[in-house]
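Participant: For reference, the structure I am asking about is given below.
The values are calculated or read from the model by the stated rules, or taken from the named source; none is laboratory data. Given the structure is predicted, the values throughout are model-derived calculations rather than measurements. Cβ placement follows ideal geometry from the backbone for every residue including glycine, while neighbour counts extend to all protein chains displayed. Remember, those area values only see protein heavy atoms, side chains included, never the ligands or the DNA or RNA. Shrake-Rupley method; radii C 1.70, N 1.55, O 1.52, S 1.80 Å.
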Amino acid sequence: MPRTSYQDELATLRGEVGAMADLTLDRYWEAVEVLESGDPQQAQRIIDGDTELNDWYLDIERECIDLIALQQPLASDLRFVASSFKIVTDLERIGDLACNLAEYGRELGGTTDVDVEPIARLAGEMVEAAMAAYTTADADTARSVVVRDEQLDGQCKRASETIVRQLVTDGVGAEPIDQRLQRVSRLLVTIRDIERVGDHAVNIAARTQYMIENDDDLIY
Amino acid sequence: MSQPTTDSATEETAESDDRLIETEVSVSETVTQPAGASTIIDVGDLSVYYHDDQALRSVSMEIPERQVTALIGPSGCGKSTFLRCLNRMNDLIDAARVDGTVELLGQNVYDDDVDPVALRRRIGMVFQEPNPFPKSIYDNVAYGLRVQGKADDIDLDAEVERALRSAALWDEVKDQLDKSGLELSGGQQQRLCIARAIAPDPEVILMDEPASALDPVATSKIEDLIDDLAEEYTVIIVTHNMQQAARISDKTAVFLTGGELVEFDDTQTIFENPADPRVEDYITGKFG
């Protein structure tokens with residue numbers, strides 16, 4: 001096959017994005033554990049490790065720019081490089097959100113007011129599905145992520161309402177009011193950030209659908 | 001028409017062997033035809049043979065007016081053969097035989113009553129290597145008008161200036177019109193040839209890899225010029241440079257080995273999402 005080195009570079013890019021996604025998801029699942037456990041050491045490891053993801057993101061972005069500048073990819077290759085370029089941005093943001101969740105988990109000392117773990121799991125599974133769609137070029141799986149996002153949004157909305165309802169109906173109880181409000185605030189942003197992880201999964205799925213089928217309906 | 005017709009015929013004949021194919025198959029192709037501007041050239045079921053070898057296979061294509069249409073494909077695919085058919089340059093190749101029709105605004109250019117020389121005034125041509133005559137810049141541009149016998153009826157100076165301005169060369173040569181065209185740089189020589197081609201005010205300009213012998217700066221000037229020319233003329237360009245086709249053309253036709261027109265569509269579609277997997281493989285470099 002002609003342009004062997006170019007084909008190798010495309011394969012390398014695909015592998016790099018997949019590997020970055022694996023690391024991002026590892027960090028995310030660890031953050032979900034911290035939400036349960038409140039383990040401060042684990043939270044700190046996640047936060048410290050974010051630099052690695054940021055550097056990886058910049059490296060892959062550079063690889064994409066080099067490919068465009070030096071190899072001028074076209075057609076499906078162009079869509080693949082353009083999609084990869086955008087997807088690593090979403091992965092980097094998911095990494096940031098994992099840091100946020102780890103920080104919230106540490107501050108909360110574990111979430112007991114509302115069970116966020118199933119919601120967080122759904123968001124993480126959406127990212128896994130979106131990346132599986134990307135690596136296997138499976139447009140149907142990409143589309144399924146959008147359907148699951150509606151479920152996630154509904155669950156996040158209900159969880160937020162539960163937290164606020166508890167505050168209204170139960171009051172602050174024996175807990176100091178500032179501490180109680182801080183806790184409620186942290187729980188609400190935790191749910192918000194989980195929802196954002198789902199949004200990034202949808203972005204990845206949208207770019208993947210464009211990459212596979214030249215269909216930008218999900219993007220715009 | 002001006003002299004490049006003859007100059008290039010020799011050159012093109014020498015190249016024709018590269019375009020021969022080994023097998024003969026009669027195929028009627030179905031090709032997508034992009035919607036848009038009105039059609040200036042309507043090619044119907046066009047086949048070309050060099051002796052017994054078929055170099056172009058039943059090509060049908062509607063070429064839009066005042067747009068840039070790029071013809072791309074690997075060496076030997078028939079794109080230059082196709083280009084030469086449009087103004088009957090293949091008449092100059094003894095071994096060539098043409099079947100099918102090429103209608104310029106409704107008239108088949110291969111009808112017996114069509115004068116090929118007059119046709120080439122309406123469909124001018126610019127070749128790969130700049131080939132100015134060993135004459136002054138002025139005389140290069142005026143040549144076609146003089147051959148037509150128009151020189152006494154028109155303001156020749158004004159027409160030369162118009163052509164040089166249209167070819168984006170006027171500002172660079174207006175004070176040295178008596179200088180030999182051969183003393184210009186390669187890029188300027190090519191723009192002089194374009195000025196010479198447009199001086200008789202053709203409707204269509206054919207270009208066969210017009211920038212392949214030029215450096216990037218001269219190439220970018222030619223590309224800008226092609227963009228400007230398309231406001232007034234229909235431009236059909238053969239290029240091996242796919243990025244150039246992507247940059248400058250409105251429509252792209254992809255020929256593949258064997259003289260088959262595989263896909264013809266808006267340039268953006270061809271380079272972002274071609275319908276035919278063979279085109280996808282070709283433009284992404286997997287063809288081979």
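Participant: Can B:Glu223 be described as away from chain A (no Cβ under 14 Å) and either of a type in the set (Phe, Trp, Tyr) or closer than 16 Å to B:Gly124 by Cβ (or both)?
Facilitator: no
Participant: Ok, one more. For the stretch A:1-88, which helices (runs of 4 or more DSSP H) that fit wholly inside it have 3 or more residues that are within 14 Å of chain B (Cβ to nearest Cβ) and buried (at least 16 other Cβ atoms within 10 Å of the Cβ)?
Facilitator: A:4-37
Participant: Could I ask something else about it? Look through the stretch B:60-81, keep the residues that are in contact with a Gly (Cβ under 6 Å, 6 or more places away or on another chain) and not charged (D, E, K, R), and return whichever of them is most open to solvent (accessible area, probe 1.4 Å).
Facilitator: Filtering the stretch B:60-81 down to residues in contact with a Gly (Cβ under 6 Å, 6 or more places away or on another chain) leaves B:60, B:64, B:78-79.
Filter once more, keeping what is not charged (D, E, K, R): B:60, B:64, B:78.
On the way: B:Ser60: 32, B:Pro64: 8, B:Gly78: 2 Å².
Among those residues, the one meeting the criterion is B:Ser60.
Participant: Within 14 Å of chain A (Cβ to nearest Cβ), open to solvent by 60 Å² or more (accessible area, probe 1.4 Å), on the phi < 0 side of the Ramachandran plot and modelled with pLDDT under 95: does that describe B:Glu232?
Facilitator: no
Participant: Looking at the stretch B:29-52, which of the residues that are acidic (Asp, Glu) and modelled with pLDDT under 95 is farthest from B:Arg122 (Cα to Cα)?
Facilitator: Looking at residues that are acidic (Asp, Glu) and modelled with pLDDT under 95, I get B:Asp52.
Participant: Among B:Asp224, B:Asp208, B:Asp178, which is closer than 17 Å to B:Asn131 by Cα, in contact (Cβ under 8 Å) with a residue 24 or more places away in the chain and either charged (D, E, K, R) or open to solvent by 60 Å² or more (accessible area, probe 1.4 Å) (or both)?
Facilitator: Numbers: B:Asp224 fails: closer than 17 Å to B:Asn131 by Cα; B:Asp178 fails: closer than 17 Å to B:Asn131 by Cα.
After ruling out the rest, the residue left standing is B:Asp208.
Participant: While we're looking at this one, here's another question. Does the stretch B:98-108 include one or more residues that are open to solvent by 10 Å² or more (accessible area, probe 1.4 Å) and touching a Cys at 6+ places or on another chain (Cβ under 7 Å)? Give the steps one after another, and end with the answer.
Facilitator: At the first step, the residues of the stretch B:98-108 found to be open to solvent by 10 Å² or more (accessible area, probe 1.4 Å) are B:98-101, B:103, B:105-108.
When the remaining residues are screened for being touching a Cys at 6+ places or on another chain (Cβ under 7 Å), the result is B:98.
Yes, because at least one residue in the stretch B:98-108 is open to solvent by 10 Å² or more (accessible area, probe 1.4 Å) and touching a Cys at 6+ places or on another chain (Cβ under 7 Å).
Participant: Here's a check for you: in the stretch A:93-119, which residue that is free of Cβ contacts under 8 Å to residues at least 60 places away in the same chain and part of a helix (DSSP H, G or I) is most open to solvent (accessible area, probe 1.4 Å)? Write out each step before concluding.
Facilitator: Looking only at the stretch A:93-119, we keep the residues that are free of Cβ contacts under 8 Å to residues at least 60 places away in the same chain, and these are A:96, A:112, A:115, A:118.
Pick out the ones that are also part of a helix (DSSP H, G or I) and you get A:96, A:118.
Working: A:Asp96: 34, A:Pro118: 60 Å².
Restricting to residues being free of Cβ contacts under 8 Å to residues at least 60 places away in the same chain and part of a helix (DSSP H, G or I), the top hit is A:Pro118.
So that you can scan it fast, the table gives a plain yes or no per residue for (1) over 20 Å from the mean Cα position of the chain (by Cα); (2) closer than 24 Å to A:Gly109 by Cα; (3) exposed (fewer than 13 other Cβ atoms within 10 Å of the Cβ):
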| residue | (1), (2), (3) |
| --- | --- |
| A:Asp153 | no, no, no |
| A:Cys156 | no, yes, no |
| A:Ile163 | yes, yes, no |
| A:Gly171 | yes, yes, yes |
| A:Arg180 | yes, yes, no |
| A:Ala201 | no, no, no |
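Matching residues to (1) touching a residue at least 12 places away in the same chain (Cβ under 8 Å); (2) in contact with a Phe, Trp or Tyr (Cβ under 8 Å, 6 or more places away or on another chain); (3) of a type in the set (Val, Ile, Thr):
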site: A:Val168; (1), (2), (3): no, no, yes
site: A:Leu181; (1), (2), (3): no, no, no
site: A:Asp193; (1), (2), (3): yes, yes, no
site: A:Ile204; (1), (2), (3): yes, yes, yes
site: A:Gln209; (1), (2), (3): yes, no, no
site: A:Leu218; (1), (2), (3): yes, yes, no
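Participant: Looking at B:Arg121, is it out of contact with any Lys or Arg (no Cβ under 7 Å at 6 or more places or on another chain), at pLDDT below 95 and more than 12 Å from B:Gly259 (Cβ to Cβ)?
Facilitator: The answer is yes for B:Arg121.
Participant: Search the stretch A:125-140 for residues being open to solvent by 40 Å² or more (accessible area, probe 1.4 Å) and hydroxyl-bearing (Ser, Thr, Tyr), and hand back the single one that is nearest to A:Asn203 (Cα to Cα).
Facilitator: Looking at the filtered set, the residue picked out is A:Thr135.
Participant: Would you mind finding the one in A:Ala142, A:Ala174, A:Ala132 that is out of contact with any strand residue (DSSP E or B) (no Cβ under 7 Å at 6 or more places or on another chain), away from every other protein chain (no Cβ under 14 Å) and not in a helix (DSSP H, G or I)?
Facilitator: Of A:Ala142, A:Ala174, A:Ala132, the one residue that is out of contact with any strand residue (DSSP E or B) (no Cβ under 7 Å at 6 or more places or on another chain), away from every other protein chain (no Cβ under 14 Å) and not in a helix (DSSP H, G or I) is A:Ala174.
Participant: For B:Gly259, all conditions in the list (1) over 16 Å from the mean Cα position of the chain (by Cα); (2) closer than 26 Å to B:Leu104 by Cα; (3) away from chain A (no Cβ under 11 Å); (4) surrounded by fewer than 24 Cβ atoms within 10 Å (Cβ to Cβ) hold save one; what is the number of the exception?
Facilitator: Unmet for B:Gly259, out of (1) over 16 Å from the mean Cα position of the chain (by Cα); (2) closer than 26 Å to B:Leu104 by Cα; (3) away from chain A (no Cβ under 11 Å); (4) surrounded by fewer than 24 Cβ atoms within 10 Å (Cβ to Cβ): (4).
Participant: Would you mind stating whether B:Asp266 is more than 14 Å from every other protein chain (Cβ to nearest Cβ) and open to solvent by 10 Å² or more (accessible area, probe 1.4 Å)?
Facilitator: Criteria not met by B:Asp266.
Participant: Determine which single condition B:Val217 fails, assuming it passes every other condition in (1) farther than 19 Å from A:Leu78 by Cβ; (2) in contact with a strand residue (DSSP E or B) (Cβ under 9 Å, 6 or more places away or on another chain); (3) aliphatic (A, V, I, L, M); (4) surrounded by fewer than 18 Cβ atoms within 10 Å (Cβ to Cβ).
Facilitator: (2)
Participant: Checking the condition over 30 Å from B:Ile270 (Cβ atoms) and in contact with an Asp or Glu (Cβ under 6 Å, 6 or more places away or on another chain), which residue from A:Ile46, A:Ile60, A:Ile94 passes?
Facilitator: Working: A:Ile60 fails: over 30 Å from B:Ile270 (Cβ atoms); A:Ile94 fails: in contact with an Asp or Glu (Cβ under 6 Å, 6 or more places away or on another chain).
Just one listed residue meets the conditions, A:Ile46.
Participant: How about the stretch B:270-286: which of its residues are in a loop (DSSP other than H, G, I, E, B) and facing chain A (nearest Cβ under 7 Å)?
Facilitator: Selection gives B:Asn273, B:Pro274, B:Thr284, B:Gly285, B:Lys286.
Participant: Okay, moving on. Checking B:Ala245 against (1) out of contact with any helix residue (DSSP H, G or I) (no Cβ under 6 Å at 6 or more places or on another chain); (2) away from chain A (no Cβ under 14 Å); (3) farther than 19 Å from B:Asp42 by Cα; (4) touching a residue at least 60 places away in the same chain (Cβ under 8 Å), only one condition comes out false. Which one?
Facilitator: B:Ala245 satisfies all of (1) out of contact with any helix residue (DSSP H, G or I) (no Cβ under 6 Å at 6 or more places or on another chain); (2) away from chain A (no Cβ under 14 Å); (3) farther than 19 Å from B:Asp42 by Cα; (4) touching a residue at least 60 places away in the same chain (Cβ under 8 Å) except (2).
Participant: Which of the residues spanning the stretch B:223-247 are within 14 Å of the chain's Cα centre (by Cα) and of a type in the set (A, V, I, L, M, F, W, C)?
Facilitator: Within the stretch B:223-247, B:Ile226, B:Leu229, B:Ala230, B:Val235, B:Ile236, B:Ile237, B:Val238, B:Ala245 qualify.
Participant: Something else about it: Please find, among A:Leu122, A:Leu187, A:Leu167, the residue that is among the hydrophobic types (A, V, I, L, M, F, W, C), farther than 30 Å from A:Gly18 by Cα, open to solvent by less than 60 Å² (accessible area, probe 1.4 Å) and in contact with a Lys or Arg (Cβ under 8 Å, 6 or more places away or on another chain).
Facilitator: The unique qualifying residue is A:Leu167.
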